[in-house]
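The values are calculated or read from the model by the stated rules, or taken from the named source; none is laboratory data. What you are looking at is a predicted structure, and each value in this text was computed from that prediction instead of being measured. Positions of Cβ are generated from backbone atoms using ideal geometry, with glycine treated the same way; all protein chains shown enter the neighbour counts.
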Amino acid sequence: MSSPHAPAPVPIHISGTQALVWSVDDIATLRTQHRICGSLVGTLPAAAQQNVFLGVPLLLAREEVVLLVERQLAVLVDERASYPAPSARQFQEWASARREEVVQQQKQREARERRPPPVLGEEALRRREEREARRERERAARAAKAAEEGEELLEDKDGVLPQEQDQPAAAAAALDKSKGKAPEKDPAHWVTIPSSSLSLPWYTPRTYATLAAARSAGLWTYPTTRGERAKCAAFRALWERGHYLGPGLKFGGDWLVYPGDPLRYHSHFVATALAGRDGTVRPMEVIAFGRLGTATKKAHLLCGWDEGTGQVSFFSIEWANFG
Amino acid sequence: MDANVHPAFDAVKPLLTKYPATAASLYQTYNDILHAQQWTDLEIIDVPQSGRGVIRGVKPKEELPKLVVPCDLNESLSLGWLSAVFDSISPTPVEVYLGIVSSDSSIVYYRLSKGIVKPPM
C-alpha cells in the first residue's frame, strides 16, 4: 500500500539471478525504513581478494526481494533490456561532449607547461646554498677518511652507493641510463568512464511492479517449489513481527533473527524454515539445531508453514541442559 | 513380583502395550528420568494425538511439573505433531522436553517452546 507520502519504490536491478541495489540512498532507505539489510558485495578491482570492507552494490536475498515487491516497496528492473541503442542525436551529443572534454584537458596542459618555474625567495635561496655547501663538506670529509684507511670512496657525487660491490660498472651504467632517459610522455588525454550507467541519457529502465509480471517475463521466478514458498512465508512472518533478518549460513540455518539493527544487536535466534511435507523434521535435526544454537548463545527457531491456512508456527529449540 | 520384570515396568506397562511403536523410547526415557535425572512425582499421561505416552514430573530443585515427550532417533516428527502435544495437554505447557532415544539407549533432551522464546542470558 503506497500513500502519497511514502517514498518511491526502490529499483532493484536484476542481473542474471542476482538482485542488486546500486544507489546508496536506496540502500539506506531499505535499511532504515523497511528493515531490509541485504549484504554489501562491492569490492575494488585492484584488491579483489579483500573482503573486510565491502561497498556498493547491495545484494538482496531472494526472500527480501519477494517481500519488498509484494508490499510495493520496490520494483524489479530488467537491466539487460534497459539500454536501447542511443538515437543519432543522443550519440552526437555524447560524442561532442567527449571531444570537448579532450580539448579542455589539452588546454589545461598547455597552460601548465607555459607557466614559469616557481621563483625562490631570498631566504629559500640562501638556505639551499647552505645545504649544498654542507653536503659537499661532508662528502669531502668522507673521502679524506677513506683515503686515510686506504679505501676508495665508492659513492658517486650525489652520495649514492652502487647496489652491488662486484658490479660497480653495471651499477654506474644503470645510474647513467636512468638519469639520461627522457621522462615518460604524458598521455594525450584521459578518458572518464562514469561509475554509474544510470545517468546515460538513453537509459530506459524496464521495470516490473509485481512478481507475477516479472515471472511471466521470465525475469524473476522465485519462489517456485513448495520449500521456497515456505521460506518466503517464514521470512515474511518473522519480518512482520518487527525483526531484522540476516543470512544464517554461518550458524547452520536460513536466517539470523535480530531484535534490532544488526549493527547494534546480536541475534537471539537462528531460524530454519521447514520445507518438508507437513513440515516434517527429524530428531537428528533437532539435536543439531539445538546444540549449535546453545553453543552460540542463541536458540534455534523452527518455522513451519501451513500451506492451507498460510499460517506460520514457531518452535524454539534449546539444549535442555541435563541428560 | 516377577523376578524377571524390571521394577519400573509396572508404571509404564499400560502404554507400552497401547503404543508398541514408541514403547522402547518411553521405557528408556522413563528409567532415565526416574533414576539418572532423579525427577520426582512421575506420572505417565496418555496423549493419543501424539501416539504415545508422555512423562510428567518435577525436576530436582524445581517446583512446577514439566513434561518429557519421548521419541526415537529414527522417527519423523512434524510441527503439526508438536502442536498437538502442546494443544492436547492441559494445562497447556509453556515448554516440553523432547527425549530423543537412540538404539544404544543414549538419550539427549532438548527443550521445545511454542512460539518465539528468547534463550536465557
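Tell me which residues, restricted to segment B:77-111, are touching a Ser or Thr at 6+ places or on another chain (Cβ under 7 Å) and either under 20 Å from B:Gly57 (Cβ atoms) or touching a residue at least 60 places away in the same chain (Cβ under 8 Å) (or both).
First pass over segment B:77-111, keeping only residues touching a Ser or Thr at 6+ places or on another chain (Cβ under 7 Å): B:77-79, B:81, B:83-86, B:94-95, B:99, B:101, B:107.
Of everything in segment B:77-111, those that are touching a Ser or Thr at 6+ places or on another chain (Cβ under 7 Å) and either under 20 Å from B:Gly57 (Cβ atoms) or touching a residue at least 60 places away in the same chain (Cβ under 8 Å) (or both) turn out to be B:Val85, B:Phe86, B:Val94, B:Glu95, B:Gly99, B:Val101, B:Ile107.
May I ask you to verify whether A:Glu63 is farther than 26 Å from A:Arg264 by Cα and not assigned by TED's automatic domain parsing to the domain that holds A:Leu256?
Working: farther than 26 Å from A:Arg264 by Cα: no; not assigned by TED's automatic domain parsing to the domain that holds A:Leu256: yes.
For A:Glu63, the condition - farther than 26 Å from A:Arg264 by Cα and not assigned by TED's automatic domain parsing to the domain that holds A:Leu256 - is not met.
So which residues in segment A:284-309 are out of contact with any strand residue (DSSP E or B) (no Cβ under 6 Å at 6 or more places or on another chain), facing chain B (nearest Cβ under 9 Å) and among the small types (Gly, Ala, Ser)?
Correct list: empty.
Consider A:Leu68 against the criteria (1) touching a residue at least 60 places away in the same chain (Cβ under 8 Å); (2) of a type in the set (A, V, I, L, M); (3) within 18 Å of A:Thr210 (Cα to Cα); (4) in a helix (DSSP H, G or I): it satisfies all of them except one. Which criterion is unmet?
(1)
Specify the residue that is modelled with the highest pLDDT; the eligible residues are those in segment A:216-230 that are over 29 Å from A:Ser82 (Cβ atoms) and touching a helix residue (DSSP H, G or I) at 6+ places or on another chain (Cβ under 9 Å).
A:Ala230
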